[in-house]
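*Asks:* So that we are looking at the same thing, I have put the structure below in structure tokens.
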Amino acid sequence: MTDDTVRSAWAYLAAVAEPPCAAVANLVAEVGPVEAAGAIRDRTPLPGRHRDVRAATEARHHLDCAVDHLRVAEAVDARLITPDDAEWPAWQLLRLSVADTATRGGPPLALWVRGQAPLSDVVGRSVALVGSRAASSYGEHVTARLSSDLVLDGWSTVSGGAYGIDGVAHRATLASGGTTVAVLACGIDRDYPAGHARLLSEIASTGLVITEYAPGTTAAKHRFLTRNRLVAALSSAVIVVEAGARSGAANTAAWARKLDVPLGAVPGPVTSATSLGCHRMIADGQAHLVVDAGAVSRLVAPDGGRVGDSALGGRPVVTDRVTDILDETGRRAHDAIPRHGAVTVTEIAVTSGLTAAEVRPALAMMEAHGLVVGDGSTWRLAAERDTSN
């Protein structure tokens, strides 16, 4: 099996159902991308536990545009990354696997990325700045100042590439020599909004433009709401600069709360409709009041440490009893890994009595906590530890 075959299978799967699609993701987790793509494309009968796959892929299963999608991505200097790639942000996206994300939730199957920087490195220390498209001059000023100061403190920024607060956050980050990430609700080959085509190109030159939608996909309202979960999940904190009573920024804030991502909001004039959502979040105790970059850093690392040293951002410090942080499935998978040598997912499943679909997310959780190390096909314990105390 060649790398091109696997990559083409991922590209087909990324487009065969409207993302995110838990049914397709579960099938891939159990049988792998190549076999999953073949089964969906050929309408191969699947076990009852995968009965939802047929319905989810009914409209698109015959549309195998994988080669074309990969070619279009290459033409715009973009690439497809998957959980098999080293730059996959497994720790951040794990939030979408363990949270209650029944509506428009779950981790992406794959991501289309435009820009040279490794995604996992860029979002390892990042803050999302979001807000109203119809931003006030006050909101623009605060956003520019926050973005610039966050860059000076070593943060990258994440936003949605839209007009208003998003655009100011991206531009101010670039102007300050920082790295910014734009998360799109359309294909990687689309500049949306069209007026930000130049901005998106500038972002890709030093940062990243990413999307879970296949090339050629047009922007749609439901895709913006779905996209917002990625803005929240990929960030160490979400800061709402301006938001009306009902807005996309408020939706991103709701995702932050659901994913247990630290949430802050900037107060504004009491007469401003674009700050009404922020004031309500602060008053209801849903968001912390943020007035400067220092408040953001304290929100993410309350003890004053850097995010990479805490459980709120990078990999958390391992406790003395390493398996205390795992659920029952995780502990069974951990116990099935020998002290010496490496084992495959299948071997762990056989030893533990779990299914491969249960083992894979358990391994992702353990890897995120620094308990195991994987090389793409096998897994081993990160270090010899006494887990009996």
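All of the numbers you see were taken from the coordinates with simple rules; none came from a lab. If you're wondering where the values come from, they're calculated on a predicted model, not measured in any experiment. All Cβ positions, even for glycine, are placed from backbone atoms using ideal geometry, and neighbour counts span all protein chains on display.
*Asks:* Pick out which of Val72, Val168, Val158 has the largest mean-square fluctuation in a Gaussian network model of the chain, springs linking Cα atoms closer than 10 Å.
*Replies:* Val72
*Asks:* Okay, next question. Mind checking the angle between helix 221-233 and the chain's longest principal axis? C-alpha axes, 0 to 90 degrees, to the nearest 10.
*Replies:* So the inclination is approximately 80 degrees.
*Asks:* Here's a follow-up. Can you give the FRET efficiency to the nearest 0.05 for Ala134 and Ala197, using r as the Cβ-Cβ distance and R₀ = 25 Å?
*Replies:* With R0 = 25 Å, the Cβ-Cβ based efficiency is 0.75.
*Asks:* Next question. Neighbouring Cβ atoms within 10 Å as the yardstick, rank Glu328, Glu58, Glu87 fewest first.
*Replies:* Listed from fewest to most nearby Cβ atoms, that is Glu328, Glu58, Glu87.
*Asks:* Using a 7 Å offset from the Cα along the Cα-to-Cβ direction at both Ala59 and Arg298, what is the distance between the two label points in nm, to one decimal?
*Replies:* Going by the 7 Å Cα→Cβ label model, 4.8 nm.
*Asks:* Now, a different point. Might you report the magnitude of the Cβ-based charge dipole of the stretch 1-64 about its Cα centre, with Lys and Arg at +1 and Asp and Glu at -1, to the nearest 20 debye?
*Replies:* Its charge dipole is roughly 200 debye.
*Asks:* Taking only DSSP H segments of four or more residues, each worth -39500 (n - 2.57), what value at 222 nm results for the chain once the sum is divided by all its residues, to the nearest 500 deg cm²/dmol?
*Replies:* -12500 deg cm²/dmol
*Asks:* For the residue pair Glu35 and Asp3, what label-to-label distance in nm results when each label sits 7 Å from Cα along the Cα-to-beta-carbon direction?
*Replies:* Result for the modelled spin labels: 2.4 nm.
*Asks:* Could you tell me the center-to-center distance, by alpha carbons, between the stretch 51-110 and the stretch 215-237 in angstrom?
*Replies:* 12
*Asks:* Please work out the Cα center distance from the stretch 247-305 to the stretch 147-161, rounded to the nearest Å.
*Replies:* About 16 Å separates the Cα centre of the stretch 247-305 from the one of the stretch 147-161.
*Asks:* Related question: Only bridges with both residues in the chain count here: give the DSSP antiparallel percent, nearest 5.
*Replies:* 35
*Asks:* Same structure, new question: Which of rounded, prolate or oblate describes the stretch 159-260 when judged by the alpha-carbon gyration tensor and an a/c cut-off of 1.5? Let's see the in-between values first.
*Replies:* Numbers: a/c = 1.58, a/b = 1.17, b/c = 1.35.
Oblate, because a/c is 1.5 or more while a/b does not exceed b/c.
*Asks:* Once you have the Cα-Cα distance between Gln116 and Arg380, take 0.36 nm times their residue separation minus that, and quote the gain in nm to one decimal.
*Replies:* 92.0 nm
*Asks:* Still on this structure: Rounded to the nearest 0.05, what FRET efficiency do Val98 and Thr351 have when you use their Cβ-Cβ distance and R0 = 30 Å?
*Replies:* Once rounded, the FRET efficiency stands at 0.80.
*Asks:* While we're here: Let me know the shape class of the stretch 322-381, please: from the alpha-carbon gyration tensor, a ≥ b ≥ c as square roots of the eigenvalues, rounded when a/c is under 1.5, otherwise prolate if a/b is greater than b/c, or oblate.
*Replies:* rounded
*Asks:* A further question follows. According to a simple spin-label model (label point 7 Å from Cα along Cα-to-Cβ), what is the distance in nm between Arg246 and Asp68?
*Replies:* Spacing of the two 7 Å Cα→Cβ label points: 3.7 nm.
*Asks:* Could I ask something else about it? Would you mind checking the tilt of helix 22-31 against the longest principal axis of the Cα atoms of the chain, expressed as 0 to 90 degrees and rounded to 10?
*Replies:* The two axes meet at around 40 degrees.
*Asks:* Would you mind getting me the FRET efficiency between Asp284 and Asp77? Use the beta-carbon distance for r and R0 = 41 Å, nearest 0.05.
*Replies:* Efficiency, from the Cβ-Cβ distance: 0.40.
*Asks:* Using Cα extents along the principal axes in Å as the read-out, say which of (1) 109, 58, 43; (2) 95, 59, 50; (3) 62, 55, 35 was calculated from these coordinates.
*Replies:* For Cα extents along the principal axes in Å, the calculated option is (3).
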